[in-house]
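The values are calculated or read from the model by the stated rules, or taken from the named source; none is laboratory data. Here the structure is a predicted model, which means the values were calculated and not measured. Here the Cβ positions follow ideal geometry from the backbone for every residue, glycine too, while neighbour counts run over all protein chains shown. Accessible surface is based on the protein model in full, side chains and every heavy atom, while ligands, DNA and RNA are left aside. Shrake-Rupley method; radii C 1.70, N 1.55, O 1.52, S 1.80 Å.
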Amino acid sequence: MCGIVGIIGKTPVAPQIVEALKRLEYRGYDSAGVATLEGGKLERRRAEGKLRNLETKLSQAPLSGIIGIGHTRWATHGKPNETNAHPHATDRLAVVHNGIIENFRELKTGLEAKGVAFETETDTEVVAQLVTYEMRQGRGPVEAVAVTLPRLRGAFALGFVFSGEDDLMIGARHGAPLAIGYGQGEMYLGSDALALAPFTDEVCYLEDGDWAVLCRTGADIHDETGRLVQRPRHKIQSAAFMADKGNFRHFMAKEIHEQPEVVGRTLAHYVNFSAGRVELPFALPFDFKDLKRISISACGTAYLAGLISKYWFERLARIPVEIDVASEFRYREAPLEPGSLALFVSQSGETADTLASLRYASAEKQHTLSVVNVPTSTMARESNVIAQTLAGVEVGVASTKAFTCQLTVLLTLAIAAGRARGTLSAEAEKELVDALIGVPGLLSEAMKREHQIEILSRELSKAQDVLYLGRGTSYPLALEGALKLKEISYIHAEGYAAGELKHGPIALIDETMPVIVIAPHDHIFEKTVSNMQEVAARGGRIVLITDEKGALETGLDTMATIVMPSAHPIIAPILHAVPIQLLAYHTAVFMGKDVDQPRNLAKSVTVE
Ligand code: F6R
C-alpha cells in the first residue's frame, strides 16, 4: 500500500532513505517524504507525485540529520497532495504509516474534543496526535507509543522518530509487514527486506502485533502484550530479495499472511474511504444500468471467486449472472446478446481457457472486463477494461492472496453496479464500504486462529476423504476449501451446497468422515445448522467455521469450532477464506507435501 523506511545512521541519512524508497516505489507513488532530526528538531521535505519530485526538493534544501524516516505513499485517506504526504509530524515527533487505521474518525473526534487541531485529512495524523497527546501528559516516547498502539484498529505498520532523540526510533507492525535491518553501529526499518538490501544483509521480520525500539546498537522487540521477545535474524542473499519467504517456511504461508496488506492495497485502489463510496479507477465503456446480463468465465480458484460474485451482483445490483468454467464456456457456443458484459477472472491473465473465452466474447461483441493480477498479461492487453488486483507476485501454486483480492475487486464492482442501477442507496453503499474498510483488520485478526487450525490439521491429515459444506456465498467457499485441500495435501475432498447433502452425498457420512461446515451467522445460518444435525446424527465429525454468534447458537458437539471475528455478512467470504487456506496448508505441511509446488500442477496453465 505504502512504503516505509527508517535509518539511524552515522552520516546524513536522507540520501540513503531516498535510495531505499526507490526500491519501494512499487508500493505507491502518489507522494513521498523524508523527516530527519536537525540539531534536535524534526525537519521534513515532502512532495506530491513521484520520488524524483522529492529528490528535486532535497537537492534545493538538503537535510543533514543522521536519523530519519521516509515514506512513499499510496493514497487511502485524503488526496495525494503535499499536505497529506508522510511523514506526518507534530512538535514532538514524526511518523510514517502503511495501512489503514479503521477507527480514525472516532479517535479524531475524541482528540478534537480535547482541543487538538488537525492539519490533514489522513488517518495517520491521528496516530501522530495521539502519541503527542500522551507525551504532553508526561509520558516518554516509548511509553506513549506503547499506550497508543492498543487503541488503533486496522491493519498497519508504523515508524516513529522523536524531537530531541537522536538515538531512538520505534517501529510497529499490525497486519502490514515491517522488517528491521542490523548494520555496523547503524539500524534500519523497512516495509520489506528489498528496501534494506543496499545497507545490510541481516534482517528480522517483525511478527504480527510486534513493536520494536531501535537505537544504533540494536533493537528491543516487544510482542503485542508488551513482553520482550526474540525474533530470528535472517541472512539474505541480494538475489533472493525479490522472492523472499520472510519468516515463513513456504511462499504459500507468506502469501496467506500477506492478505491483510494486499487486500487493503487493493481496496485503496477501488474505494474512496473518506467519501465512503466505491470509485472505480477506470472508465467503463458501458453503463451498468443498461446491462441485461453478465457472463463470467474463469478457471479453478478464480472461477470460485467469480461464483461468489454472482451472489453479490444478483443481490446488490439485481443483474442476472451466468457463470461457467472457461473450458466449458469456450466450446458451448453460448448465445450472447451484443453489448452485454463478459467478465473474466484470472491471477496470471494467461490461462489458456479463460483467454480463449475472452476472445470468443470479443468476437461476439461483448464488452470485456478482466479482473487480473498481472497487468502486462495477455488478458489484460486484450480486454476492454482491466480491473487489477494488487496482490503482488503470487509464487505458491495454490492461489490464496490472489483469491481474496479478486473477491475484493468483484465486490466493489457489484457495489458500483448497484449504485448505477439504483438498487443500492448511498446509505447502503456507505454501510458496505464501512464493512470493506474493516476487512484488512479482520483478516489480520483471523490469522490468530492459526495455532488452533494447525493442531486440527493433524487430525485432518488422517482422513481419506473430507466433505466441505456451505450455503449462499459459503457454498463456493466450500468448493474452494475442497480444492485447496486436495491440490496440496492430495486428500480427496468435495464441496457441496449444504442443502444438497441429502440428495446423495449423505450416504458417504460415517464416523471416519470429517465434514467442514462454513457457516457465518447470516440469514441462512439456521438452515445450515439443520444440515449439520443430519451429519451429526450419522456420526460425521464436524469442523465448524463460524463467527461468535454462530458458535453460541449451534448447540452441537463438534470436533472443532473455529470462531472467526464477527463481520458484515457480505464480506464474510473474504474473511472465511483464511481458515480454509490455513487448514489446507497445515494439513499438507504436516503430511510432508511440497505445498508451494504440488505434483502435476503449474502456476500458469497456458494449455487447454
Ligand atoms: C488453485 C489455483 C488454480 C488457479 C487456476 C486459474 O489454487 O491456483 O485453480 O486458480 O489455474 O489460474 P488463473 O487465475 O491464473 O487464471
Simple Cβ-charge dipole of the stretch 202-298, Lys/Arg +1 and Asp/Glu -1, about Cα centre, in debye nearest 20: 240
1.4 Å probe accessible area per residue over the chain, in Å²: 38
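Which of the peptides 86-98, 511-523, 557-569 is most tightly packed, and how do the rest follow, going by the mean number of other Cβ atoms within 10 Å of each residue? Numbers along the way, then the final one.
Values: 86-98: 25.4, 511-523: 21.8, 557-569: 17.5.
By packing density, highest mean first, the sequence is 86-98, 511-523, 557-569.
Determine the percent antiparallel among the DSSP beta bridges restricted to the chain, to the nearest 5. If you can, show how the numbers build up before the last one.
Working: 62 of 103 bridges.
That works out to approximately 60 percent antiparallel.
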Whole-number percent relative contact order across the stretch 312-388, with pairs defined as alpha carbons under 8 Å at least 6 apart: 27
Among Ala85, Val116, Ala146 the positive-end extreme of the charge dipole of the stretch 14-169 (Cβ point charges): Ala85
Largest-first principal axis extents of the Cα set of the chain (Å): 76, 53, 51
Simple Cβ-charge dipole of the chain, Lys/Arg +1 and Asp/Glu -1, about Cα centre, in debye nearest 20: 560
Sites Lys114 and Leu552, calculated FRET efficiency, Cβ-Cβ separation with R0 41 Å, nearest 0.05: 0.60
In the stretch 1-150, lysine pairs closer than 30 Å at Cα, eight or more apart or cross-chain: 18
Neighbourhood net charge (15 Å Cβ-Cβ; Lys/Arg +1, Asp/Glu -1) for Leu21: +4
Full-stretch length increase - Lys365, Arg315 - with 0.36 nm per residue and alpha-carbon distance subtracted: 15.4 nm
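Keeping the other protein chains in place, figure out the carbon and sulfur percent of the accessible area of the stretch 121-191, with a 1.4 Å probe. Show your work: numbers first, answer last.
Numbers: 880 of 2050 Å².
With neighbouring chains kept in place, the figure for the stretch 121-191 is 43 percent.
Mind ranking 149-161, 129-141, 204-216 by how tightly packed they are, going by the mean number of other C-beta atoms within 10 angstrom, highest first? Show your work: numbers first, answer last.
Working: 149-161: 24.2, 129-141: 18.5, 204-216: 20.4.
Sorting 149-161, 129-141, 204-216 by mean packing, highest first, produces 149-161, 204-216, 129-141.
Roll a 1.4 angstrom probe over the protein heavy atoms and tell me the percent of accessible area of the stretch 1-91 that is carbon or sulfur. Write out the running numbers ahead of the final one.
Values: 1670 of 3380 Å².
Looking at the stretch 1-91 in its full context, I get 49 percent from C and S.
Can you work out the FRET efficiency for the pair Gln230 and His451, with r the C-beta to C-beta distance and R0 = 25 Å, to the nearest 0.05? Walk me through the numbers on the way to the answer.
Details: r = 19 Å, r/R0 = 0.75.
E(calc), rounded to 0.05, equals 0.85.
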Residue (of Tyr311, Ile518, Met447) at the positive-pole extreme of the chain, dipole from beta-carbon charges: Tyr311
0 to 90° range, to nearest 10: angle between helix 401-420 axis and the chain longest Cα axis: 80
Order by protection proxy (mean Cβ within 10 Å, highest first), peptides 36-43, 351-358, 430-437: 351-358, 430-437, 36-43
Qualifying aspartates and glutamates (Cα of each under 19 Å from Cα of Lys486; at least 8 residues distant if same chain): Glu255, Glu454, Glu459, Asp465, Glu494, Asp594, Asp596
Distance between the stretch 410-485 and the stretch 44-106 - C-alpha centres, whole angstrom: 34
Accessible carbon and sulfur surface of the stretch 407-476 relative to its total accessible area, %, 1.4 Å: 48
Karplus-derived 3J(HN,Hα), 6.51/-1.76/1.60, for each residue of the stretch 561-572, Hz, glycine and proline x: 10, 9, 9, 8, x, 5, 8, 4, x, 5, 8, 3
Translational D in µm²/s for the stretch 478-608 (Stokes-Einstein at 10 °C, 1.306 mPa s, Kirkwood Rh from C-alpha pairs): 101
Fully extended contour minus Cα-Cα distance, from Lys462 to Tyr331, at 0.36 nm per residue: 43.2 nm
Inter-part distance where the stretch 300-314 and the stretch 524-566 are each reduced to a Cα centre, Å: 24
Between helix 51-60 and the chain: long-axis angle, C-alpha atoms, 0 to 90°, nearest 10: 0
Cα-projected label distance for Val393 with Glu279, points at 7 Å along beta-carbon direction, nm: 3.2
